[in-house]
Each structure stands twice: as structure tokens, then as C-alpha cells.
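Report on the structure given below.
The values are calculated or read from the model by the stated rules, or taken from the named source; none is laboratory data. Predicted model, so just to flag it, every value in this text is computed and none were measured. Cβ placement follows ideal geometry from the backbone for every residue including glycine, while neighbour counts extend to all protein chains displayed.
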């Protein structure tokens with residue numbers, strides 16, 4: 001299980017892991033502080049929470065590769081569908097690049113389809 005620093009969500013149930021990426025299934029429970037005030041009566045997971053989970057998964061993948069990276073940017077982010085409390089989520093990462101500078105394309109899927117996509121740029125810490 002990949003534990004979040006802020007304990008607001010856990011990335012559990014890694015379903016695939018290989019040198020070029022990973023997939024992880026999770027659920028953000030309805031009692032998560034992420035939903036507090038984001039929108040009363042119609043709670044949805046904030047975009048910053050989705051990006052937090054993605055960067056957490058990137059760091060975990062690099063840790064498995066015996067590497068450490070610094071996140072240098074997040075770009076081409078598209079929020080497509082809302083994620084509601086207790087929705088099943090799959091986060092998929094695909095690594096590209098060489099040597100010191102790499103990036104990860106990501107996709108967050110929810111029951112109805114793709115909730116978010118984008119690219120995380122990284123720089124290897126030597």
C-alpha cells in the first residue's frame with residue numbers, strides 16, 4: 001500500500017507494476033477531508049487531490065526502481081469527469097524519457113470513464 005503523507009487517502013491494491021509504469025486501484029472515502037467544503041450537498045474530489053495521488057504514485061514507482069525524483073511540472077491536465085465519495089478509481093502511469101529527465105503520462109479512471117489525464121515531468125535526483 002502506498003500511504004499518503006497527509007493521510008487523506010491511500011493508494012492501495014497495486015494491480016500492475018513494471019519498469020515503465022504502474023496501475024493502482026483506490027477509493028477516496030466519504031469521510032476524507034478532501035471532500036470537506038468541496039461542494040456541500042454535492043461533494044466531488046478536488047483536482048488538487050487527484051494530482052496529489054498521481055505524484056504520490058510517481059514517487060512510489062521511482063522508489064521501486066531504486067530511484068528518487070523531483071516533480072518539475074504537471075502539464076496538459078484535463079479534468080473530464082467528477083469523482084464522488086467512495087467511487088472506485090484507477091490511476092495508470094506510463095513512463096517515458098531517458099536518463100535524468102523523464103515524464104509520466106497519467107490517466108485517472110472512474111466507473112463512468114476517464115476522470116483526468118495529464119503529464120508529470122520529473123528530474124532524477126542523483
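Might you check whether a residue that is at pLDDT 95 or above, touching a strand residue (DSSP E or B) at 6+ places or on another chain (Cβ under 8 Å) and in a loop (DSSP other than H, G, I, E, B) occurs anywhere in the stretch 73-81?
Yes, there is a match, as at least one residue in the stretch 73-81 is at pLDDT 95 or above, touching a strand residue (DSSP E or B) at 6+ places or on another chain (Cβ under 8 Å) and in a loop (DSSP other than H, G, I, E, B).
Out of curiosity, is residue 117 more than 19 Å from residue 12 (Cβ to Cβ), in contact with a strand residue (DSSP E or B) (Cβ under 8 Å, 6 or more places away or on another chain) and buried (at least 18 other Cβ atoms within 10 Å of the Cβ)?
no
Being exposed (fewer than 14 other Cβ atoms within 10 Å of the Cβ), closer than 18 Å to residue 15 by Cβ and either under 15 Å from the mean Cα position of the chain (by Cα) or without any contact (Cβ under 8 Å) to a residue 12 or more places away in the chain (or both), is that true of even one residue in the stretch 65-86?
The answer is no, given that none of the residues of the stretch 65-86 is exposed (fewer than 14 other Cβ atoms within 10 Å of the Cβ), closer than 18 Å to residue 15 by Cβ and either under 15 Å from the mean Cα position of the chain (by Cα) or without any contact (Cβ under 8 Å) to a residue 12 or more places away in the chain (or both).
How many residues, within the stretch 95-112, are loosely packed, with under 15 Cβ neighbours inside 10 Å and assigned to a strand (DSSP E or B)?
Result for the stretch 95-112: 4.
If we keep just the residues of the stretch 12-22 that are at pLDDT 75 or above and outside any loop (DSSP other than H, G, I, E, B), which is surrounded by the most Cβ atoms within 10 Å (Cβ to Cβ)?
So, considering only residues that are at pLDDT 75 or above and outside any loop (DSSP other than H, G, I, E, B), the one surrounded by the most Cβ atoms within 10 Å (Cβ to Cβ) is 22.
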